[in-house]
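Asker: I am attaching a structure below and will ask some questions about it afterwards.
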Amino acid sequence: MNRLHPRSAVLSVARAALQGGFFGFFGGSVGTGMLGLPAFAVPLLGLLGALTFGGYALARYFRFRYELDGDTLTVESGVFARQSRQIPLGRVQNLDVEQNILNRLLGLAIVRFETAGGSATEATLDAVDEAEVKRLRNYVRTHDRDEAAESAAETAGAVSGTATSGRSAHADLPGVTGPTPAHTGDAQTANDFEDSASASDTEPRDQPDGSLLFAFDQRELLTYALVSVRPAAPVLTLASLPLGMDVVWAVLRFNATLVGASLNGPVIRWLASSPESTRLAVFAAISLVQFLLLALVVSVALTVIEYYGFRLTQADGDLRYERGLLRRYSGNIPLEKVQTVTIRENVLMRRFGYATLAVETAGYSGGNQQSTQGVAVPLAPREEVYELARDIEPFGDLDFDRPPKRARRRYLARFSLAAAGLTAVAYAVDSLVLETGYWWLAALLFLPVVPAAHFRWRHRGFDLDDSVLATRSGFWRRTTRIVPYYRLQTVFVTRSPFQRRRDLATVGADTASSSSLLGGVARVYDIDEDTAKELRDTLRDRLTAHVAGLRTGDRGDADA
Amino acid sequence: MESLHPRVRLLWVLSTVIQASVLGVIAYLVDRFAVSLPQTVVVGGWVVLVLLGVAHAIAAHRIWRFDLQDDALFLLRGVVTRTDTSVPYVRVQHVDTTRGPVERAIGLASVVVYTAGTRGADITIPGLRPERATELREQLRDLANESEATDAV
């Protein structure tokens, strides 16, 4: 059984002691204030807190052991309630590595093993050193390949000893540490295969870095940061404005002088003194533009921090990514575990012919903190993105069927209703509170109704390819989802009362991917009721056919 | 196509009554300790909720259907938004029968089918006689076993 790296013990004990110290200190301060404890209780409680928390962290470190042996990862943990967990390596969906700044200084990394199902990461090793990361990664990867090689060997009718000899050579691995011995172990396994099963075509074994699929240079990174506007950025900016209130006031005052008014004293007084409305409008417009610029800067900064040094490589069956400026993330995505492939293009990207590629596995559970998980290629020319998508999941040229024209009338009606509702609200607010008489300005909202309905309709559609279902939706951020038939889970058809009126239905194809962002469901919106039923039946048939095909392809031969 | 046991309407109405009563108790507490609420509003709200519940239960029972088809479990449900769901047997992870306290009181049971998907990862068929629920669970288990895939994910 291995322990985590000793330096990580120092780190977590220090962290816990600090927390406990603060906690005790705070408790002590409250105690002296309210309960009338003597003053020396404050440092005493602080010390006590630090010792208790630190001691617990130390105990936790000593109780935490893990081991890779054969097909399983075993993790034992817990101080009071003890837990022993075994994870079959074949079930590991992703292996993710995270390094924050402190970890990087100490040469440590946090490793997470994700499997399908469950509500949290299945095993977190916090933290191990970089050589160990490499060993774990190689072990999991070669394990996967051995599995594949095994079944291939069995198919070829080789002696059944192959599997066991491959395994046993492998089982020696966990004892050794560091990249070099692991390397020899690898070579040995490879030799075993060549000796006993010449039929199995063993791929080149050591490709630590694999072939580079995609990397950002500085200019591309900046382009990406500019075009991939984060909807959350304005909110974040607004929320953090109070932190720099002085600067905000200074800027607002400057804006006021620009329009020839002075902003001394509270803004409210200035607004209440009812200056000419044009001045107010100009002032508001300037401030808004400044705010949006700031939000853009925030958005760009966040994206750059997240994607700095992005590299995507492919090493035998795995995609491997690395990214991050302050926190470095890296991870392995086994291609055979990919559930769906998603191509996203926002308006700007479409204009310049770029696209984003994301892959999803069943690994992550809801509420994962990595908001952009699964993004395989943040930004590349559309052709390249499609090429890579086809590498991951082969499909032909996509030719999307649009929803029937009456769906467009539905959008028109819906948007008109929304505009009418907003106008009514504007009228109510204006006549009851503001009394400017300009409520009819809200009626301008009717102007974009027609193009909005048209564009929504135009960008929706689906295509039944030979091996995948492709769905597409969204104008501002067009999302194209590629779902292989053999990955389908449930198929459902829904019709809201409004859809029933126009004989329309939405078909949803669920997969096991668990991205909270994308929801895992590929939806075909607003197609004809009969088409929807037909699509549902086709999907079911193809799922059955493709799963059966898989079985006769892999298992069937192996069993024979 | 099989429909649910008629008594399921009673089950649904009872759950609505319980929920409405919980709201009523909350309203009572609010009235007692915070803002005073007119009694007619509280009682009227309770009656309206229960009536809605009765109407919904009748409609839902009329619409609910399920069927064990060749390759998938097929369900049809939904009063407002009508949904049909196909759960291929290959994708069934495990099957439960459950009986909540209200269900036990009126002698019904439910079957829950789990898949690895994200939406509708657990699909419930309510309103079954206990024998039928057990039978259905076993049927589903057998069907899932027959069509076992390499990996249900």
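Each value in this text was obtained by applying a stated rule to the coordinates, not by laboratory testing. Quick caveat, the model's predicted, so the values are computed rather than measured. Here the Cβ is made from the backbone with ideal geometry for all residues, glycine too, and neighbour counts use every protein chain on show.
Asker: Given Cα pairs under 8 Å that are at least 6 residues apart, what percent is the relative contact order of chain B? Let's see the in-between values first.
Answerer: Working: 208 pairs, mean separation 33.7, N = 153.
RCO, chain B: 22 percent.
Asker: Next up: Answer with one residue from A:389, A:448, A:361: the one whose Cα lies farthest towards the positive end of the charge dipole of the stretch A:356-487, charges on Cβ with Lys, Arg +1 and Asp, Glu -1.
Answerer: A:448
Asker: Let me ask you something else. Counting only complete DSSP H runs, which helices of chain B cover 27 Å or more along their long axis at the Cα atoms and score a mean Kyte-Doolittle of -1.0 or above?
Answerer: Details: long enough: B:8-33 (37 Å, 1.49); B:39-63 (36 Å, 1.59).
Membrane-span-like by this rule: B:8-33, B:39-63.
Asker: Sort out for me the Cα centre separation of the stretch A:374-397 from the stretch A:37-103, rounded to whole Å.
Answerer: 40 Å
Asker: What shape does the stretch B:8-62 take by its C-alpha gyration tensor, where a ≥ b ≥ c are the square roots of the eigenvalues and a/c under 1.5 counts as rounded, a/b above b/c as prolate, and the rest as oblate? Show your work: numbers first, answer last.
Answerer: Details: a/c = 5.03, a/b = 2.55, b/c = 1.97.
Taking the square roots of the gyration eigenvalues as a ≥ b ≥ c, the stretch B:8-62 is prolate.
Asker: Compute the signed sum of charges (Lys and Arg +1, Asp and Glu -1) over the other residues within less than 13 Å, Cβ to Cβ, of residue B:61. Mind dumping the intermediate values first?
Answerer: On the way: positive: B:7, B:9, B:62, B:65, B:77; negative: B:2.
With Lys, Arg at +1 and Asp, Glu at -1, the net is +4.
Asker: By the gyration tensor of its Cα atoms, with a ≥ b ≥ c the square roots of the eigenvalues, what is the shape of the stretch B:66-146: rounded for a/c under 1.5, prolate for a/b over b/c, or oblate? Working shown, then result.
Answerer: On the way: a/c = 1.76, a/b = 1.22, b/c = 1.44.
Taking the square roots of the gyration eigenvalues as a ≥ b ≥ c, the stretch B:66-146 is oblate.
Asker: Hey, can you rank A:230-243, A:337-350, A:536-549 by average C-beta count inside 10 Å, highest first? Before the final figure, lay out the partial values.
Answerer: On the way: A:230-243: 13.1, A:337-350: 21.6, A:536-549: 18.4.
Averaged packing, sorted descending, gives the order A:337-350, A:536-549, A:230-243.
Asker: How large is the charge dipole for the stretch A:1-86, taken about the Cα centre, if only the Cβ atoms of Lys, Arg (+1) and Asp, Glu (-1) carry charge, to the nearest 20 debye? Don't jump to the answer; show the numbers that get you there.
Answerer: Values: 8 positive and 4 negative charges, 19 e Å.
Here the stretch A:1-86 has a charge dipole of around 100 debye.
Asker: Sticking with this one: Inside 10 Å of the C-beta atoms of B:86-98, what's the mean count of C-beta atoms belonging to other chains?
Answerer: Working: counts 10, 6, 9, 1, 8, 9, 2, 4, 0, 0, 0, 0, 0.
Mean number of neighbouring Cβ atoms from other chains: 4.
Asker: Something else now. Sum up the charges of everything whose Cβ sits under 12 Å from the Cβ of residue A:121, counting Lys and Arg as +1 and Asp and Glu as -1, but leave residue A:121 out.
Answerer: Numbers: positive: A:85, A:112; negative: A:96, A:98, A:114, A:122, A:126.
With Lys, Arg at +1 and Asp, Glu at -1, the net is -3.
Asker: Continuing with this model, one more query. Pairs of Cα atoms under 8 Å, at least six residues apart: use those to get the relative contact order of the stretch A:313-438, whole percent. If you can, show how the numbers build up before the last one.
Answerer: Working: 109 pairs, mean separation 18.3, N = 126.
This gives 15 percent for the stretch A:313-438.
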